[in-house]
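Novice: One structure coming up, written as structure tokens, with questions to follow.
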Amino acid sequence: MKITRRGFVGGVAGAAAAAPQATRPAARPEPGRHFTGEALREIAFPLGGIGTGTVSLGGYGNLRDWEIFNRPNKGGILPFTYVAARIEGGGLKKPVIRVLEREVLPPYPGGSGLLRETALGLPRFRQASFTGAYPFANLQFADARLPVEVSLEAFNPMIPLATDDSSLPVAALTYRFTSRAASPVNLSVAFSVMNPVGYDGVARLRNRRAAFFGKNRNEFETRGGFGILKLASDKYAPESTRYGSLAVAAKAGELSYRSAWEHGAWWDEFQKWWDEFLEQGKFSSRPAPPSDDGSTEYATLASNLSLKPGETQSVTFVLAWHFPNTENYWIGEPEHRGKPLKNEYGKRWHSAAGAAFYALENFASLRQRSQRYRDAMWATTLPAAVIDAVSSQASILRTNTVMVLDGKKTLAFEGCNDNAGCCPMNCTHVYNYEQSLAHLYPDLERSVRDIDFLTNLRPDGSMSFRTPVPLRAGGNRSFPAADGQMGCVMKVYREWQLGGSDDWLRGLWPQVKRAVEYAWAQWDADKDGVMEGEQHNTYDIEFYGPNSMMGTLYLGALTAAARMGRHLGDTAAADTYEQLAKAGAARLDQALWNGEFYVQKVDERPVKAAKYQYGEGCLSDQLLGQWFAEVADLGKLLPPEHIRTTLRSIYKYNFLENFHEHPNTQRLYAMNDEKGLLLCSWPRGKRPAIPFPYSDEVWTGIEYQVAAHLIYEGLVKEGLAIVQAVRERYDGARRNPWNEVECGHHYARAMSSWSLLTALSGFAFSAPRKDLRFRPHVNRASFRALFSTGTSWGSYTQRDTKGEFKVLIEVEGGELELATLRVPCSNPKARLVTPRKGQLQIAQGEASIGYAPPLKLAPGESLALKLVTSS
């Protein structure tokens, strides 16, 4: 199937033209999704490292949602924290100041007007455009009255497999100025910031006074060619959860600073700052004493430069933070409240200044490697909506949804409420859907598996489906989740295939067996390969009786366990699991297939089964285990023709073109003219009086899962329509494109979007076999996409022209060890032409090229080969 990136986006987006659209311009300097006008309003682009928290860049260029204090803080601001430029010369009659943001759009709420603490009363640029390609955001400001053109590039380092450099508590902001004047232009670019040390991350700050402030000190230091404004406090001891620091750094040169704004009554502080900056274009650069108890200080760092006519110069600020101690604030156990837990990132430096210095000293490398990831993601033949979904939702890893504690222990909420994490921790059933972390930072994903099986698995084989913090043997006291526990077995297989060692797998194997076999005590008591018992699941209720959602996860776990056991030499266990999977698949298919899709056979004997079931409904998640099996390359768990027909039915019955007539008493994630995929429908009637909770809702994580599964089965048009529907709902005007919500912001389930990439490219990798496969589903004649094996990452390109099929694998990071490469080829008489000798075999439309000994490709190296398909 051939799909043009721009044509697909334009063609589908046009159907929803009633709402403000995020459009893609004909030409743009940077890759990504483009936004202007009304579509800027909801944008909040998270900037920060894995496990460090973030500050977001708003669509106007403002800094918003300060979530660097170890918890969410939606709507939270730091008063008088902004970047402004003083512009002089270039034909101007007198100097002017512009905050480097766009003017805000209506509405203008507030009983006392807009918040003056956001500096909205200062002049701004009339227009701006925003282009986002995570982890880079680019803004182009426009104001014809000024003698300079101004743009901003913001990013946080994000490099696949490079966990440490992707976990920096920094946001880099580079402002570029180009003169369009006939005479010199003098500029002073000033970053003003409140010293927030002591802030609890929850209270709404409106000025510099609060009980948690005091002894806040702002100091300037020059180090290694950089100027660093250091913000700290002497009020809190190093072990306190309020302890920490902030830093703003820039390349040293003509820098000036103000350690504290001049105090006064009413609006005096802000007015005096304005007057000083407008008159002088620089600051006094004098030290200031620590703040009084109950107050903090504002500070400013400014960089001066001069532009000749037509010249371009830039100023880079690195904002860094260091709040090394978090706490368990989300549970009611008083013995844990206030007791510090050490963040992994907090160990690397003693203060934010250290992180800022590291980022500036290594700036070129960090930026270049992050750009290579972005460009590999976006320089592709895949549809733009897909790349937008995949790249944008990987930003969840940077938010307060994910914590990384001392020892690289990865702990994650399901999502974030406005001021607290939601649904702690490492929920096994929600994280069945997440694929981004496993492919980008597999070391962190493996740490979750270690917690699942070495800490949370109990002696009876049941697994706590949530992780208590601090960790404790057996996890929490909750019952196991059937979908989560079986999914965790499949996740062990995925981690092993992507790059986990045999030793790692061997260390978990006894626990994996116990987890699988617990099903025979709880969910499959008659050991027939079909779950019938009480099955707690991701809908926060229990299903009773056989159903294919739990059933396919069970079959997937049995199949994965059989393969792992056979590899490790445990043939008895492997034979048992394999035989049970085969028998269970036949029974489940016979019992639940209704000719169009799979249903639930409700066991009505338990009292609780009287409600919250789906019965004869068409459940969007009914093939969840089969989708995971496709991602992990485990093969078909049910008859292929039934899988395909079921997916067609899910799309036919559950995908709505609008919600005008859809009654929904539950939570609202799609409205009015929007499109979306329902969790369930009852096309043949028999809807239960009280169906399972959430059945009438729309969840992006399930939409991406179903879309990817459709694509795996060749139903590409249908899958892409679902993806496009999601991205239209998250268009910047209606919702934030970098924050897909479910039970909270930045909801983890949305990271199922990574499977869109694996589905469209037909990617599969086995590290034990050193086997790499690509089987593109779109643009086969000219295809290019990013890949990540867990041990390496780079780009795959194929070109199919008359008589020749060319392949190029370019490695950008890690090391790719390759014994077998499998690519499409339908000509059994094709010949291999390559500088590297390989053994060619062609069967069932696939060319397999074997290398003995295996090839090893390091960063910057590539493999090119050609199959001559003509005689």
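Novice: Can you give the accessible area per residue of region 708-810, in Å², using a 1.4 Å probe?
Specialist: Value for region 708-810: 23 Å² per residue.
Novice: Please report, largest first and rounded to whole Å, the three semi-axes of the ellipsoid equivalent to region 179-238, where each semi-axis is the square root of five times an eigenvalue of the C-alpha gyration tensor.
Specialist: 34, 18, 8
Novice: Between beta-carbons, use under 9 Å as the cut-off and find the net charge around S295, counting Lys and Arg +1, Asp and Glu -1.
Specialist: Value of the local net charge: -1.
Novice: Continuing with this model, one more query. Could you give me the percent of Cα pairs per 10 Å distance bin for region 778-843, shortest bin first, beginning at zero and ending with the bin that holds the maximum distance?
Specialist: The distribution over region 778-843 is 17, 49, 31, 3, given as percents.
Novice: So for region 715-871, averaging the separation of alpha carbon pairs under 8 Å that are six or more residues apart and normalising by length, what relative contact order in percent results? Present the calculation step by step, with values, prior to reporting the outcome.
Specialist: Details: 287 pairs, mean separation 28.0, N = 157.
Value for region 715-871: 18 percent.
Novice: What value, in deg cm²/dmol to 500, does the helix sum -39500 (n - 2.57) over DSSP H runs of n ≥ 4 give at 222 nm once divided by the residues of the chain?
Specialist: -7500 deg cm²/dmol
Novice: Rg and Dmax of region 236-284 over Cα atoms: what are they, in angstrom?
Specialist: Looking at region 236-284, its Cα Rg and Dmax stand at 15.3, 44 Å.
Novice: Now, a different point. Ordered by packing density, taken as the mean number of other Cβ atoms within 10 Å over each peptide's residues, highest first, how do 496-507, 224-235 rank?
Specialist: 224-235, 496-507
Novice: When only C-alpha pairs under 8 Å and at least 6 residues apart count, what is the relative contact order of the chain, in percent?
Specialist: Over the chain, the number comes to 11 percent.
Novice: Would you give the gap between the C-alpha center of region 152-221 and the C-alpha center of region 445-512, rounded to a whole Å?
Specialist: First find each Cα centre; the distance between them is then 39 Å.
Novice: I'm checking a number: the convex hull volume of the Cα atoms of region 648-696, normalised per residue, in Å³. What is it? Before the final figure, lay out each step's value.
Specialist: Details: hull volume 3.9 nm³, N = 49.
Value for region 648-696: 79 Å³ per residue.
Novice: So, by mean Cβ neighbours within 10 angstrom, what's the order for 816-822, 850-856, 633-639 with the highest one leading?
Specialist: Details: 816-822: 20.6, 850-856: 13.9, 633-639: 18.4.
Per-residue mean Cβ counts within 10 Å order the peptides as 816-822, 633-639, 850-856.
Novice: Additional query: Give the calculated FRET efficiency between A586 and K74 to the nearest 0.05, with a Förster radius of 45 Å applied to their Cβ-Cβ distance.
Specialist: Rounded to the nearest 0.05, the efficiency is 0.35.
Novice: Let me ask something additional. From the C-alpha gyration tensor of region 700-838, pull out the three semi-axes of the equivalent ellipsoid (sqrt of 5λ each), sorted largest to smallest, in whole Å. Walk me through the intermediate numbers first.
Specialist: Numbers: eigenvalues 213, 64, 31 Å².
Semi-axes (√(5λ), whole Å): 33, 18, 13.
Novice: Right, another one. Of the listed pairs K770/K829; K636/K866; K806/K856; K94/K282, which have alpha-carbon separations greater than 23 Å here?
Specialist: Checking Cα-Cα distances, K770/K829; K636/K866 exceed 23 Å.
Novice: Do me a favour and compute the ellipsoid semi-axes for region 231-322 from its Cα gyration tensor, root of five times each eigenvalue, largest one first, whole Å.
Specialist: 29, 20, 9
Novice: Write down the Å³ per residue value for the convex hull defined by the alpha carbon atoms of region 685-782.
Specialist: In region 685-782, the Cα hull volume divided by residue count equals 175 Å³.
Novice: OK, next. Which length gain, in nm to one decimal place, applies between L568 and A858 when the Cα-Cα distance is subtracted from 0.36 nm times their residue separation?
Specialist: Taking 0.36 nm per residue and subtracting the Cα distance, the gain is 101.5 nm.
Novice: While we're on this one: Work out how far the C-alpha atoms of the chain reach from end to end along every principal axis, then list the three figures in whole Å, largest first.
Specialist: 82, 71, 55
Novice: Provide the packing ranking of 542-553, 154-165, 655-666, i.e. peptides ordered by the mean count of other C-beta atoms within 10 Å per residue, highest first.
Specialist: Values: 542-553: 27.3, 154-165: 22.4, 655-666: 13.0.
Listed from highest to lowest mean packing, they are 542-553, 154-165, 655-666.
Novice: Right, something else. What is the spread of the Cα atoms of region 540-643 along each of their three principal axes, largest first, in whole Å?
Specialist: Answer, in whole Å and largest first: 45, 30, 24 Å.
Novice: Given the Cα atoms of region 33-124, and with Rh set as the inverse mean 1/r over their pairs in the Kirkwood sense, what is Rg to Rh to two decimals? Intermediate results must be reported in sequence, preceding the final value.
Specialist: Numbers: Rg = 15.2 Å, Rh = 14.9 Å.
Computed over Cα atoms, the ratio is 1.02.
Novice: Can I ask one more? With every protein chain present, what is the per residue accessible area of region 501-632 (1.4 Å probe, Å²)? Intermediate values should be presented prior to the final figure.
Specialist: On the way: 4660 Å² over 132 residues.
Heavy-atom SASA per residue in region 501-632 reads 35 Å².
Novice: Please report, for the Cα atoms of region 132-201, the Rg to one decimal and the Dmax as a whole number; what are they, in angstrom?
Specialist: 16.8, 50
Novice: Can you classify region 516-564 as rounded, prolate or oblate using the Cα gyration tensor, where a ≥ b ≥ c are the square roots of its eigenvalues, rounded means a/c under 1.5, and otherwise it's prolate if a/b beats b/c and oblate if not?
Specialist: Details: a/c = 2.00, a/b = 1.46, b/c = 1.37.
Verdict is prolate for region 516-564.
Novice: In square angstrom, rounded to the nearest 10, how much accessible surface does T801 have for a 1.4 Å probe?
Specialist: Roll a 1.4 Å probe over it and T801 shows about 80 Å².
Novice: Then there is this: Could you tell me which of rounded, prolate or oblate describes region 282-337, using a ≥ b ≥ c as the square roots of the eigenvalues of the alpha-carbon gyration tensor, with rounded for a/c under 1.5 and, failing that, prolate when a/b is larger than b/c and oblate otherwise? Show your work: numbers first, answer last.
Specialist: Details: a/c = 5.61, a/b = 2.04, b/c = 2.75.
It is oblate, given that a/c is not under 1.5 and a/b is not larger than b/c.
Novice: Across region 748-795, how large is the tail of the calculated P(r) beyond 16 Å, expressed as a percent of all Cα pairs?
Specialist: 43 percent
Novice: Where Rh denotes the Kirkwood radius from the mean inverse Cα pair distance, what is Rg over Rh for region 451-493?
Specialist: Ratio of gyration radius to Kirkwood radius: 0.93.
Novice: Right, something else. At 1.4 Å probe size, with no ligands or nucleic acids counted, give the accessible surface of E815 in Å², nearest ten.
Specialist: For E815, the solvent-accessible surface is approximately 90 Å².
Novice: In addition: So, for region 123-204, what is the accessible surface per residue at a probe of 1.4 Å, expressed in square angstrom? Let's see the in-between values first.
Specialist: Values: 1890 Å² over 82 residues.
That works out to 23 Å² for each residue.
Novice: Sticking with this one: Return the carbon/sulfur percentage of the accessible area of the chain, one whole number, probe 1.4 Å, all protein chains in place.
Specialist: 51 percent
Novice: I would also like to ask the following. With no solvent and one point per C-alpha, what does the Debye sum give as log10 I(q)/I(0) for region 311-433 at q = 0.09, 0.13, 0.15, 0.19 Å⁻¹?
Specialist: Debye curve over Cα of region 311-433, log10 I(q)/I(0) at q = 0.09, 0.13, 0.15, 0.19 Å⁻¹: -0.39, -0.77, -0.98, -1.25.
Novice: Output the Kirkwood hydrodynamic radius of region 240-393, Cα pairs only, in Å rounded to one decimal.
Specialist: Result for region 240-393 stands at 20.0 Å.
The values are calculated or read from the model by the stated rules, or taken from the named source; none is laboratory data. Everything numeric here is computed off the predicted structure, so don't read it as measured data. No Cβ is skipped: glycine too gets one built from the backbone with ideal geometry, and neighbour counts run over all protein chains shown. Ligands, DNA and RNA are excluded from the accessible area calculation, which covers all protein heavy atoms including side chains. Shrake-Rupley method; radii C 1.70, N 1.55, O 1.52, S 1.80 Å.
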